[in-house]
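To keep things clear, I will list the structure first and then write my remarks on it.
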Amino acid sequence: MTQPLALVIYEKLLPGSQVVNRLRDLNYRVQTIADAERLVEYAEEAKAMLVLADLESRRNNVCAALARLKEHPATKHLPVIAFSGESAVELQAAARAAGATLVVTEVAILNHLPQLLEQALQIE
C-alpha cells in the first residue's frame with residue numbers, strides 16, 4: 001500500500017521539523033514546501049492527502065495560500081491542519097476564515113498529532 005502524502009509548510013525549524021518527523025513515524029510520506037505561493041500546484045501534482053501549515057512566516061502569506069487551496073476545484077477537498085504559537089490569535093482567525101479544517105497551537109500539534117490527523121481526515 002502506498003503511504004499517504006502530507007504537504008507541510010513551515011519556516012521555523014521548531015516545530016516544523018518535529019511535525020515532519022512525527023508524520024514520518026506515522027507512515028506518511030512528507031513533502032515540505034518553502035514557497036506557499038506554489039501550494040495549489042504542489043497539492044494538485046503530488047495528489048496530497050492533507051496539508052499541515054505553520055501560519056507564522058516572514059516570507060509567505062500562508063493564510064492566503066490556504067484560501068487559494070480551498071478555492072481551487074482540484075484541491076478544495078483537502079483537509080488542512082493549521083498551527084501557530086498561542087499568541088498568534090489573528091493568524092488563527094485568518095486561517096479559519098481561509099477554510100482550514102483545524103486550527104491548533106504548536107503544543108497541540110506536537111502532543112496530539114495522531115488524533116488531529118484522525119479528526120481532520122474524517123469524511124463528512
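In segment 66-82, the residues that are without any contact (Cβ under 8 Å) to a residue 24 or more places away in the chain never reach a residue that is open to solvent by less than 20 Å² (accessible area, probe 1.4 Å) and assigned to a strand (DSSP E or B) with C-beta atoms less than 9 angstrom apart, at least six apart or across chains. Can you find even one residue in segment 83-92 that is closer than 17 Å to L7 by Cβ and among the aliphatic types (A, V, I, L, M)? No, every residue in segment 83-92 fails to be closer than 17 Å to L7 by Cβ and among the aliphatic types (A, V, I, L, M).
Take segment 32-53 and flag every residue that is within 23 Å of Q122 (Cβ to Cβ) and either of a type outside the set (V, I, T) or open to solvent by 80 Å² or more (accessible area, probe 1.4 Å) (or both). L39, A43, E44, A46, K47, A48, M49, L50, L52, A53 - these are the residues of segment 32-53 that are within 23 Å of Q122 (Cβ to Cβ) and either of a type outside the set (V, I, T) or open to solvent by 80 Å² or more (accessible area, probe 1.4 Å) (or both). Checked against (1) at pLDDT below 95; (2) in a strand (DSSP E or B), G16 passes all but condition (2).
There is at least one residue in segment 46-60 that is assigned to a helix (DSSP H, G or I), over 15 Å from G99 (Cβ atoms) and either β-branched (V, I, T) or more than 11 Å from the chain's Cα centre (by Cα) (or both). Remark: pairs (first residue in segment 40-51, touching a residue at least 60 places away in the same chain (Cβ under 8 Å); second residue assigned to a helix (DSSP H, G or I); Cβ separation under 9 Å; 6+ apart in sequence or on different chains) = M49/L121; L50/L117; L50/A120; L50/L121.
Residues of segment 65-95 that are in a helix (DSSP H, G or I), touching a helix residue (DSSP H, G or I) at 6+ places or on another chain (Cβ under 8 Å), open to solvent by 30 Å² or more (accessible area, probe 1.4 Å) and farther than 19 Å from Q122 by Cα: R68, L91, A94. Does A6 satisfy the condition of being at pLDDT below 95 and among the small types (G, A, S)? Here the answer is no, as A6 does not meet what is asked.
The values are calculated or read from the model by the stated rules, or taken from the named source; none is laboratory data. What you are looking at is a predicted structure, and each value in this text was computed from that prediction instead of being measured. Quick reminder, even Gly has a Cβ in these numbers, built from the backbone with ideal geometry, and neighbours come from all protein chains shown. Just the protein is used for accessible areas: all its heavy atoms, side chains included, with ligands, DNA and RNA removed. Shrake-Rupley method; radii C 1.70, N 1.55, O 1.52, S 1.80 Å.
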